[in-house]
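As structure tokens, the structure follows; a few thoughts come after it.
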Amino acid sequence: MDAHQHFWIYDPVRDAWINEDMSILRKDFLPAHLKPLLQQNNIDGCVAVQADQSIKETRFLLKLAEENDFIKAVVGWVDLRAKDIQQQLEGFSSFKKLKGFRHIVQAEKQEDFLLREDFGRGISFLKSFGFTYDILVYPHQLKSVIKFVRQFPEQAFVVDHLGKPDIKNGLIKEWEKNIQTIAGFPNVYAKLSGMVTEADWKRWTVADFKPYIDCIIESFGTSRIMFGSDWPVCLLGASYLQCCNILEQNTLHLNGEEKKKLWGENAVSFYNI
């Protein structure tokens with residue numbers, strides 16, 4: 001199971017985050033493009049995660065999931081700060097493949113955005129509808145994540161992309177300390193995804209990722225981690241196959257049962273697929 005990938009029909013205005021250095025992403029990426037990659041890598045399904053903060057995006061992903069059986073789950077977007085958020089969540093609860101939500105907190109200028117009272121109010125309603133929440137932040141926001149998850153001990157959380165450590169420059173100490181603290185909350189999982197985009201896109205080696213992968217596995221254990229390709233964003237630095245190989249080569253020490261958990265079982269459990 002690929003626990004983290006994206007689809008979009010490219011729109012230069014909406015997708016302005018795709019700059020000149022990322023021109024390879026300036027085109028459509030749809031289920032027909034992903035399906036053969038999953039088959040080639042013996043992956044039987046995926047979780048489609050929002051890339052745009054709009055209800056339109058959520059409905060777009062749900063439509064693709066309805067049309068394609070291999071899309072097992074959708075992590076959409078809804079304005080968790082909305083006054084009528086409880087009613088909106090109730091409406092979304094009728095979509096069986098909609099499993100959770102994500103906000104692009106890494107792009108928020110407010111350092112402690114996660115600790116906003118209105119945002120927390122929205123988060124507080126998720127569990128009653130069985131929804132998960134994906135945490136997308138940069139390393140400097142991890143201290144807020146600690147305070148955030150402490151408020152909601154019953155809510156299922158997953159940290160996307162290892163918390164985006166600076167692999168390119170080998171920075172690890174502060175990130176590692178915060179990750180270990182976050183992992184101390186048993187309701188929080190972590191995705192081993194989005195690694196190549198935080199490394200040197202042109203000159204990474206498989207070994208560059210080892211200390212970060214080791215930290216995640218040692219901190220969260222093998223029952224709260226999951227593989228995600230972050231396709232097509234991963235194409236900035238690696239092919240789908242290379243993303244799989246990075247994780248395979250750095251987890252050779254895991255036994256068969258642990259690998260099954262990492263490569264699918266944990267995602268199935270977390271997202272209730």
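Counting residues in the range 131-273 as N, plug N into 2.2 N^0.38 Å and put the Cα Rg over that result.
Values: Rg = 14.2 Å, N = 143, 2.2 N^0.38 = 14.5 Å.
Expressed relative to 2.2 N^0.38 Å, the Cα Rg reads 0.98.
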**Message:** Leaving out ligands, DNA and RNA, and with a 1.4 Å probe, what % of the accessible surface on the chain is carbon or sulfur?
**Reply:** 50 percent
**Asked** So what does residue 243 come to for accessible area, using a 1.4 Å probe and Å² rounded to 10?
**Response** 10 Å²
**Prompt:** If you project the alpha carbons of the range 129-211 onto their three principal axes, what span does each projection cover, largest first, in Å?
**Reply:** 43, 24, 17
**Message:** If amide hydrogens are placed 1.01 Å from N in the peptide plane, which non-local residues have theirs closer than 5 Å to the one on residue 194?
**Reply:** 230
**Fill in**
Site residue 140, offset 7 angstrom along Cα→Cβ, radius 12 Å on amide nitrogen, limited to the range 192-209, gives none
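Please list the helices of the chain that count as membrane-span-like by this rule: a mean Kyte-Doolittle hydropathy of at least 1.0 together with Cα atoms stretching 27 Å or more along the helix axis, each helix being a complete DSSP H run.
On the way: long enough: none.
The qualifying helices: there are none.
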**Message:** Cα atoms only: what Rg and Dmax, in Å, come out for the range 1-137?
**Reply:** 15.6, 45
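Considering all projection directions equally, how large on average is the shadow of the alpha-carbon convex hull of the chain, in square nanometres? Could you put the intermediate results ahead of the total?
Working: hull surface 52.8 nm².
Value for the chain: 13.2 nm².
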**Fill in**
Here, trypsin sites (Lys or Arg not before Pro) of the range 77-108 satisfying both criteria (DSSP loop; at most 13 other Cβ within 10 Å) are 83, 96
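Give me the accessible area per residue for the range 72-190, probe 1.4 Å, as a whole number in Å². Don't jump to the answer; show the numbers that get you there.
Details: 5410 Å² over 119 residues.
Result: 45 Å² per residue.
Write out the chymotrypsin sites (Phe, Trp or Tyr not before Pro) in the range 1-49 meeting two conditions: DSSP loop, and at most 10 other Cβ atoms within 10 Å of their Cβ. Working shown, then result.
Details: sites: 7, 8, 10, 17, 29; in loops: 7, 10, 17.
Nothing satisfies the criteria.
The values are calculated or read from the model by the stated rules, or taken from the named source; none is laboratory data. Predicted model, so just to flag it, every value in this text is computed and none were measured. In this analysis, Cβ positions are derived from the backbone assuming ideal geometry, glycine residues included, and neighbour counts consider all displayed protein chains. We work out accessible area using only protein heavy atoms, side chains counted, and drop any ligands, DNA or RNA first. Shrake-Rupley method; radii C 1.70, N 1.55, O 1.52, S 1.80 Å.
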